[in-house]
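Encoded as structure tokens, the structure appears first; notes follow it.
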Amino acid sequence: MSNATENIDSATPVERFNELPAHVWPRNAVRQEDGVVTVAGVPLPDLAEEYGTPLFVVDEDDFRSRCRDMAAAFGGPDHVHYASKAFLTKTIARWVDEEGLSLDVASLNEFGVALAAGFPASRITAHGNNKSVDFLRALVQNGVGHVVLDSAQELELLDFVAAGEGKVQDVLIRVKPGIEAHTHEFIATSHEDQKFGFSLASGSAFAAAQAATKAENLNLVGLHCHVGSQVFDAEGFKLAAQRVLGLYAQIHSELNVALPELDLGGGYGIAYTANEEPLDVAAVAADLLSEVAKVAAELGIAAPTVLVEPGRAIVGPSTVTVYEVGTIKDVHVDDDSTRRYIAVDGGMSDNIRPALYGSEYDARIVSRFSEGDSVPTRVVGSHCESGDILINDELYPADITSGDFLALAATGAYCYAMASRYNAFTRPAVVSVRAGNTRLMLRRETLDDILSLEV
């Protein structure tokens, strides 16, 4: 049995297809001697038969181990906030709590899920560019740890809400340091012309800090920035830290306030395909922490405690989505070639990322070994939409047939979280696996769930 790519240079295309890239698939994914892929000792075809497809399968120990990796890299679990927007359930929140990490939320309902799981509000940080009065009031009433301020209007509103509750709320100010992440335009979040945060260059970030220090019911404890998502270049994180620390120094010298925290956000890249490598989190963390200490010393200020907000880097690689292969047809491309279209029983309703961002994934047959020659292949979903494509253009074995189980790896982040009911599809079930045991985390939706909204 194998869980890593071995002798890849000398392998045939079908041998490479049968290997699971260890840096892409969950840490406990193994192809057994009969060709069946197991995760944490549980055969994926058995799960598909029991719970139906599409099906999200989460490797619990993989998730927990990545929490620990982040905690070790950044100086302890209290320095790491899991970004719940990537994927949140009560079970996920409990795992994060048990590993000692903090939690980020970006909506009132994410906050509600965390509270329902018993997650301590004092270890939650709240984000969002358009927080409602109800959201802010719930945060203050429940004793949330931090609120990240995103606008002058929100600053005034939160001060008003906190005063009404008779509390002083700890806040961070979200700063745009002017670093454009080298990633897809729609998920690059630190250049100037976008909706999040206060501009460093224009002076609005310093003005917000002034206002926060004067507000009677706000306690400014630090600054926040986020350079983007799925970022592999550590230099972007370092440059953002350098620029934001300049604002720390200005706040210290002009307002006589020493801020204890610096939240550098998330965005740590993961490998989605065999030819990609994930960011070396330990190396980046060491480099970042060293840079913060060095720049702070040069500026003559105390180095703030660095906080980070990984989401994808924790949950992304822990999860696979299992589909059943349905219709297969060869489509004429030009005079000399065809492309094989393999349709599966899910698609853009459970994974919008290929359609939205052009994202690529690693897919394998998980119910057996594949054999035979390779053919140009496109894996598509079942939706009434020509852009419903999961795998755009790969060479896959010609023996893939209806009834096979095919799985996409690294689907833990922003797949279920961004799922829809397009074409009245229902959201899939989610199961977790650990040491040979299975637990249903979220049941599959039904037609009754859809009809329950009718009045």
Review point. Based on what the data block shows, is THR426 closer than 24 Å to THR38 by Cβ and in contact (Cβ under 8 Å) with a residue 24 or more places away in the chain?
Key: no
Check your understanding: Do we find a residue being more than 17 Å from GLY311 (Cβ to Cβ) and within 15 Å of the chain's Cα centre (by Cα) anywhere in the stretch 44-67?
Key -> no
Study note, to complete from the structure: Considering the stretch 101-139, residues that are under 17 Å from the mean Cα position of the chain (by Cα) and charged (D, E, K, R), and then whichever is farthest from TYR416 (Cα to Cα), we arrive at ASP104
Exercise for review: May I ask you to list the residues in the stretch 44-103 that are assigned by TED's automatic domain parsing to the domain that holds ALA407, of a type in the set (Ser, Thr, Tyr) and not in a helix (DSSP H, G or I)?
Suggested key: THR53
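Yes/no per residue for (1) within 20 Å of ARG174 (Cβ to Cβ); (2) part of a loop (DSSP other than H, G, I, E, B):
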{"site": "GLU235", "(1), (2)": "no, no"}
{"site": "LEU247", "(1), (2)": "yes, no"}
{"site": "PRO278", "(1), (2)": "no, yes"}
{"site": "VAL284", "(1), (2)": "no, no"}
{"site": "ASP287", "(1), (2)": "no, no"}
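Here's the yes/no breakdown for (1) basic (Lys, Arg); (2) out of contact with any strand residue (DSSP E or B) (no Cβ under 6 Å at 6 or more places or on another chain); (3) crowded, with 23+ Cβ neighbours inside 10 Å:
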| position | (1), (2), (3) |
| --- | --- |
| ALA429 | no, no, no |
| ALA435 | no, yes, no |
| ARG443 | yes, no, no |
| VAL455 | no, yes, no |
Check your understanding: Does LEU220 qualify as being modelled with pLDDT of 90 or more, closer than 25 Å to GLY316 by Cβ and not in a helix (DSSP H, G or I)?
Key -> no
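Condition check ((1) more than 24 Å from PRO43 (Cβ to Cβ); (2) at pLDDT 95 or above) across all residues:
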site: GLU360; (1), (2): yes, yes
site: GLY372; (1), (2): no, no
site: ILE389; (1), (2): yes, yes
site: ILE400; (1), (2): no, yes
site: GLY403; (1), (2): no, yes
site: ALA409; (1), (2): no, yes
site: ALA417; (1), (2): yes, yes
site: ALA424; (1), (2): yes, yes
site: SER452; (1), (2): yes, yes
Review point. Of (1) touching a helix residue (DSSP H, G or I) at 6+ places or on another chain (Cβ under 6 Å); (2) assigned to a loop (DSSP other than H, G, I, E, B); (3) buried (at least 18 other Cβ atoms within 10 Å of the Cβ), GLY128 satisfies all except one. Which?
Key: (1)
Check your understanding: Can you find a residue in the stretch 372-390 that is of a type in the set (S, T, N, Q), crowded, with 18+ Cβ neighbours inside 10 Å and assigned to a loop (DSSP other than H, G, I, E, B)?
Key -> yes
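The values are calculated or read from the model by the stated rules, or taken from the named source; none is laboratory data. It should be emphasised that the depicted structure is a prediction, and the values quoted were computed from it without experimental measurement. So basically every Cβ, Gly included, is an ideal-geometry build from the backbone, and we count neighbours across all protein chains shown.
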